[in-house]
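Undergrad: One structure is given below, represented as structure tokens, and several questions about it will come after.
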Amino acid sequence: MGYVIVFEGIEGCGKTTQISLLGEHLKKKGLPVIITREPGGTAISDEIRKILLSTKNADIAPETELLLYTASRVQHLQQLITPALNVGTTVLCDRFFDATVAYQGYGEGIDLVLIRQMQKTFFSYIIPDLTILLDCPVDLGLGRSRRRIKSEGKDSAEGRFEEKELIFHERVRSGYIELAQMEPERFCIINGEQGVAAVQQGICTAVEQQLKEKGYAI
């Protein structure tokens, strides 16, 4: 069985950069690794991603969001993640179920009991071995994210969450912190305000320690 490492955090916390760096690091150590993301990871899930992130869909209902994220994740698990784990691959995933709890639960206000029930129904068979939470102030993260999507010309295609009010993102950040406090054995909080190299070092140290405890020779 493989190993699942998930990267979580608010917009612009540095997940995309750091997940790529960790993937390179682990490959150099000889571990079979795949990097994926949510929503996305498969052709069908990527189509759902377009709906969820487009600014054209600003009026999407939170419950619709929840159902679409669930549909995308089911496809992702069945088509990519589970087969990879079955052959011993280490899966690095940019967001997973905690993102749904933080964004649709704490952020949008959907009943956490309902979200947890959906988790139990569809995803109870898989829990991340390690969840890296990159934490940084909301204004810093949003500034980074807005500059990135603008420079990449993705304002319309992927900027829906960046257009939400600051208080929404504050609720999401608080939700993530609360989740980490509830499961300290699974979460590792890294200060995302640091430079890229310092963040990478903190992540690599935490990951290598966890892998060694699981019996991986790295």
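The values are calculated or read from the model by the stated rules, or taken from the named source; none is laboratory data. It should be emphasised that the depicted structure is a prediction, and the values quoted were computed from it without experimental measurement. No Cβ is skipped: glycine too gets one built from the backbone with ideal geometry, and neighbour counts run over all protein chains shown.
Undergrad: Glu65 fails exactly one of the following numbered conditions: (1) acidic (Asp, Glu); (2) farther than 18 Å from Ile5 by Cα; (3) within 15 Å of the chain's Cα centre (by Cα). What is the number of that condition?
TA: It fails just one condition, (3).
Undergrad: Looking only at the stretch 115-158, count how many residues are over 30 Å from Cys204 (Cβ atoms) and surrounded by 13 or more Cβ atoms within 10 Å (Cβ to Cβ).
TA: Residues flagged as over 30 Å from Cys204 (Cβ atoms) and surrounded by 13 or more Cβ atoms within 10 Å (Cβ to Cβ) within the stretch 115-158 amount to 6.
Undergrad: Tell me, which residue of the stretch 59-118 that is in contact with a helix residue (DSSP H, G or I) (Cβ under 9 Å, 6 or more places away or on another chain) and of a type in the set (Asp, Glu) is nearest to Gly23 (Cα to Cα)?
TA: Among them, the one singled out is Asp94.
Yes or no, residue by residue, for (1) within 28 Å of Phe168 (Cβ to Cβ); (2) surrounded by fewer than 16 Cβ atoms within 10 Å (Cβ to Cβ); (3) at pLDDT below 95:
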site: Gly2; (1), (2), (3): no, no, yes
site: Glu8; (1), (2), (3): yes, no, no
site: Gly14; (1), (2), (3): yes, no, no
site: Leu22; (1), (2), (3): no, no, no
site: His25; (1), (2), (3): no, no, no
site: Ile35; (1), (2), (3): yes, no, no
site: Ser45; (1), (2), (3): yes, no, no
site: Ile51; (1), (2), (3): yes, no, no
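Undergrad: Got at least one residue in the stretch 68-87 being in contact with a His (Cβ under 9 Å, 6 or more places away or on another chain) and assigned to a loop (DSSP other than H, G, I, E, B)?
TA: Among the residues of the stretch 68-87, not one is in contact with a His (Cβ under 9 Å, 6 or more places away or on another chain) and assigned to a loop (DSSP other than H, G, I, E, B), which makes the answer no.
Undergrad: While we're looking at this one, here's another question. Of everything in the stretch 1-58, what is free of Cβ contacts under 8 Å to residues at least 40 places away in the same chain, among the hydroxyl-bearing types (Ser, Thr, Tyr) and outside any helix (DSSP H, G or I)? Give them in sequence order.
TA: The answer is Thr42, and nothing else.
Undergrad: Which of the residues belonging to the stretch 90-114 are farther than 21 Å from Glu11 by Cα and buried (at least 19 other Cβ atoms within 10 Å of the Cβ)?
TA: Hits for the stretch 90-114 are Thr90, Val91.
Undergrad: Taking the options Asp129, Asp155, Asp111, Asp139, name whichever one is of a type in the set (D, E, K, R) and under 19 Å from Gly192 (Cα atoms).
TA: Going through Asp129, Asp155, Asp111, Asp139 in turn, the sole match is Asp139.
Undergrad: Have a look at Glu65, Glu47 and point out the one that is out of contact with any Asp or Glu (no Cβ under 8 Å at 6 or more places or on another chain), under 26 Å from Leu114 (Cα atoms) and not aliphatic (A, V, I, L, M).
TA: Working: Glu65 fails: out of contact with any Asp or Glu (no Cβ under 8 Å at 6 or more places or on another chain).
Only one candidate passes the filter, namely Glu47.
Undergrad: Let me ask something else. When you scan the stretch 104-218 for helices (runs of 4 or more DSSP H) that lie fully inside it, which ones turn up with 1 or more residues that are farther than 30 Å from Lys28 by Cβ and under 17 Å from the mean Cα position of the chain (by Cα)? Let's see the steps before the verdict.
TA: On the way: elements: 112-123, 138-151, 155-158, 166-182, 196-213.
Ranges flagged: 112-123, 138-151, 155-158, 166-182.
Undergrad: Let me ask you something else. Of all residues in the stretch 61-72, which are without any contact (Cβ under 8 Å) to a residue 24 or more places away in the chain and closer than 17 Å to Gly159 by Cα?
TA: Answer for the stretch 61-72, where residues must be without any contact (Cβ under 8 Å) to a residue 24 or more places away in the chain and closer than 17 Å to Gly159 by Cα: just Ala61.
Undergrad: Okay, next question. Residues Glu213, Glu163: which one is closer than 25 Å to Leu53 by Cβ and either modelled with pLDDT of 95 or more or not aliphatic (A, V, I, L, M) (or both)?
TA: So the residue among Glu213, Glu163 that is closer than 25 Å to Leu53 by Cβ and either modelled with pLDDT of 95 or more or not aliphatic (A, V, I, L, M) (or both) is Glu163.
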